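> One structure coming up, written as structure tokens, with questions to follow.
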Amino acid sequence: MEFLEKLRGLPQTKRKIILWLVIAIIALVLFILWTKNVRKKFEGFQGEEVKQQFQIPDLPRIETPEIELPQISEEELKELEKELSPQELEELKKLYGK
């Protein structure tokens, strides 16, 4: 009880600091315990078990068609160099590998 009497005798600003430090320590301890609990809960799960646990439906896979780029000649590329910004031109060269 002496501790409480000493605490009551401190200025209010120091008491607030002590209160917030105690709250922060408790919050940190609870957060650590929560993360350990979550880690244990999900530790042994495999992909199928998670699907079953959370009832995740299987979604159909959509096949995307292969896009063929039209061929561009060197002359057309030189004409485009005049019209396009440097960034657009760089992207175009990446697409065509030139």
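> Most mobile of LYS78, LYS14, LYS41 per a Gaussian network model of the chain (Cα springs, under 10 Å)?
LYS78
> Could you go through the range 10-22 in sequence order and give the Karplus-derived ³J(HN,Hα) for each residue, using 6.51 cos²θ - 1.76 cosθ + 1.60 with θ = phi - 60°, rounded to whole Hz, and x for Gly and Pro?
Running phi through 6.51 cos²θ - 1.76 cosθ + 1.60 with θ = phi - 60° gives 6, x, 4, 4, 5, 5, 5, 4, 4, 4, 5, 5, 5 Hz.
> Let me make sure I get this right: for the chain, a, b and c are the square roots of the gyration tensor eigenvalues over alpha carbons, sorted descending. Under 1.5 in a/c it's rounded, otherwise prolate if a/b > b/c, else oblate. Which is it?
Working: a/c = 7.22, a/b = 2.10, b/c = 3.44.
Taking the square roots of the gyration eigenvalues as a ≥ b ≥ c, the chain is oblate.
> What ³J(HN,Hα) values, in whole Hz, does the Karplus curve 6.51 cos²θ - 1.76 cosθ + 1.60 give for the range 83-91 when θ = phi - 60°, with x put for Gly and Pro?
Here the 3J(HN,Hα) series is 8, 8, 6, x, 5, 5, 5, 5, 5 Hz.
> What does the extension gain come out to for LEU95 and ILE32, with contour length at 0.36 nm per residue minus their alpha carbon separation?
Gain in length upon complete extension: 17.8 nm.
> Right, another one. Once the piece of chain linking LYS14 and LEU80 is laid out straight, how much longer is it, given 0.36 nm per residue of separation minus the C-alpha distance between them?
Additional length available on full extension: 16.7 nm.
> Could you pull the Cα extents of the range 2-43 along its three principal axes, largest to smallest, in whole Å?
49, 20, 5
Where a number appears in this text, it was derived from the coordinates with a stated rule and is not lab data. Small disclaimer: the values here were computed from a predicted structure and weren't measured.
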